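The values are calculated or read from the model by the stated rules, or taken from the named source; none is laboratory data. Quick caveat: nothing in here was measured; it's all calculated off a predicted structure. Note that each Cβ is placed from the backbone with ideal geometry, even for glycine, and that neighbours are counted across all protein chains shown. Keep in mind that these areas ignore ligands, DNA and RNA; they rest on the heavy atoms of the full protein, side chains included. Shrake-Rupley method; radii C 1.70, N 1.55, O 1.52, S 1.80 Å.
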Amino acid sequence: MRILKYPHPTLRHKSKPVTRVDRALKEMVRQMFDLMYEGNGIGLAANQVDLPYRVFVMNLESDPAAADQELAFINPVITHRKGGAEAEEGCLSFPGIYAPVHRSEKIVVAAYSLDGKELAYDLSGLHARAAQHEIDHLDGILFIDRLSPSARLAVKQALGELEQQFHTDRRLGLIPDDQQIAVRLAELEGVRT
Ligand code: CO
């Protein structure tokens, strides 16, 4: 498992709900937490690690020692939104790129836990922001899609560099073509339904 960087096509994949919480899913979540900590991130969505499942992990401490702060959201749905706030965001799929994003200030998220329990999370502040960023990922939406024109302009060059790196990696055979990626994601979706 590794973290995909923009503009990898899986980052644009809209994930389907997971139908059961089994050992393979729990193992996947564990690996996602570990990768997230390696990258010093506070959240990571399954399509960032090339998997088409509606799952994301979050730990605002970004520290494996703070395991009590670990949250895994399975099939998350935002059921309520309140207020608005703008703050700078980054993303493990966009190393070195930060930009202000407008989000709802408070949200309620319904999701299944790793125990298979349906829970409602009342989130505000950074928790609410991170959850909205990650749920966007599951719909194939990236934080750069939500920038103001001026913020977009400010990151344009850095995005261009990531795009160039992606095309170089692809020419080197390090990244499969779009068709191969689509077939693999469809196969994985079939396995879990
Ligand atoms: Co992200």
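Data for the structure
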| read-out | value |
| --- | --- |
| Sites ARG2 and ALA87 - FRET efficiency at Förster radius 30 Å, r taken between beta-carbons, to 0.05 | 0.60 |
| The chain, accessible surface, carbon-and-sulfur percent (1.4 angstrom probe) | 51 percent |
| Computed [θ] at 222 nm, deg cm²/dmol, the chain (DSSP H ≥ 4; -39,500 (n - 2.57); rounded to nearest 500) | -11500 deg cm²/dmol |
| For HIS13, distant residues with modelled amide H under 5 Å away | none |
| Accessible area expressed per residue, the chain, with surrounding protein chains retained (probe 1.4 Å, Å²) | 52 Å² |
| Candidate lysines - alpha carbon under 23 Å from LYS16, same-chain residues fewer than 8 apart omitted | LYS5, LYS26, LYS117 |
| Distance between segment 65-94 and segment 125-142 - C-alpha centres, whole angstrom | 5 Å |
| Length added when fully stretched, ILE141-LEU159, from 0.36 nm per residue minus Cα-Cα | 4.9 nm |
| Approximate spin-label separation VAL108-GLU38, in nm, with each point projected 7 Å along Cα-to-Cβ | 3.8 nm |
| DSSP H segments from the chain that extend 27 Å or more along their own axis, Cα-based, with Kyte-Doolittle mean of -1.0 or above | 149-171 |
| Distance between modelled label sites at ARG152 and ASP122, nm, 7 Å Cα→Cβ extension | 3.7 nm |
| Rounded to 5, the percent of DSSP beta bridges in the chain classed as antiparallel | 95 percent |
| Neighbour net charge for CYS91 - beta-carbon separation under 11 angstrom, K R +1, D E -1 | -2 |
